[in-house]
Amino acid sequence: MNKPKIVAYLKPSCGWSMGVRAIMRKYDLPYEDRDIINDPVQRQEMIEKSGQMLSPCVEINGKMLPDISGEEVEAYLLANKLVAQNNVAPDAPTNQPCAHEMPQNSPLQFKR
């Protein structure tokens, strides 16, 4: 199976971004990790390509998936037969917000 070409526009330490990275590791997928916080050129490119400002955004074989979680990236990869299902557990949560987006003292997990 050929590996897809992936460009991921991510924050260095956000929960959503860590979930996307976890899926890339789970399926051993090479990808470009573009830092949208420390590199304004990458952020601007993400906005222009996705048409919006929310991240993460992941481009797979030229198709932009805007404002997406790791869980959603995995679903897209599987649905489009770009990876084969495996039973490896991701090494980080794949659908968790950034720490600053969670209410204090809340035991709830958020779905996007």
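Would you mind counting up the charge near residue 65? Only other residues with Cβ under 9 Å from its Cβ, with Lys and Arg at +1 and Asp and Glu at -1.
Working: positive: 63; negative: 59, 67, 72.
Local charge sum for residue 65: -2.
How many percent of the alpha carbon pairs in region 6-101 exceed a separation of 19 Å? Write out the running numbers ahead of the final one.
Numbers: 1561 of 4560 pairs.
When every Cα pair of region 6-101 is considered, 34 percent fall beyond 19 Å.
Check residue 98: other-chain or 5+ apart residues with amide H under 5 Å from its amide H, H built from backbone geometry?
15, 16
Quick one: net charge of residue 5's neighbours, Cβ under 12 Å, K/R +1, D/E -1?
Values: positive: 3, 63; negative: 32, 59.
Taking every Cβ under 12 Å from that of residue 5, the sum is 0.
Every cysteine in the chain with no other Cys Cβ under 4.7 Å from its Cβ, please list them in numeric order.
Among the cysteines of the chain, those whose Cβ sits 4.7 Å or more from every other are 57.
Fully extended, how many nm does the chain gain between residue 91 and residue 33 (0.36 nm per residue separation, minus their Cα-Cα distance)?
Working: separation 58, 0.36 × 58 = 20.88 nm, distance 1.74 nm.
Working it through step by step, the gained length comes to 19.1 nm.
Defining a contact as two alpha carbons under 8 Å apart and six or more residues distant in sequence, what relative contact order in percent does region 6-101 show? Before the final figure, lay out each step's value.
Working: 161 pairs, mean separation 39.4, N = 96.
Once divided by the residue count of region 6-101, the mean separation gives 41 percent.
Using a Cα-Cα cut-off of under 17 Å, which aspartates and glutamates could be cross-linked to residue 3, ignoring same-chain neighbours fewer than 8 residues away?
Straight-line reach from residue 3, under 17 Å: 28, 32, 33, 59, 74.
Among 88-98, 4-14, what's the highest-first ranking by average C-beta atoms within 10 angstrom per residue?
Result, highest mean Cβ count within 10 Å first: 4-14, 88-98.
Considering only 53, 24, 64, give the residue with the highest GNM mean-square fluctuation for the chain, with springs between Cα atoms whenever their separation is below 10 Å.
53
Tell me which lysines have Cα within less than 23 Å of residue 11's Cα, excluding those fewer than 8 residues away on the same chain?
26, 49, 63, 111
Considering only DSSP beta bridges where both residues belong to the chain, give the percentage that are antiparallel (nearest 5).
Numbers: 7 of 11 bridges.
Percentage antiparallel, nearest 5: 65.
Bear in mind these aren't lab numbers, they're just calculated from the coordinates by the rules spelled out. The model shown is predicted, which means the values in this text are computed figures rather than measured ones. Glycine gets a Cβ as well: all are built from the backbone with ideal geometry, and neighbour counts include every protein chain shown.
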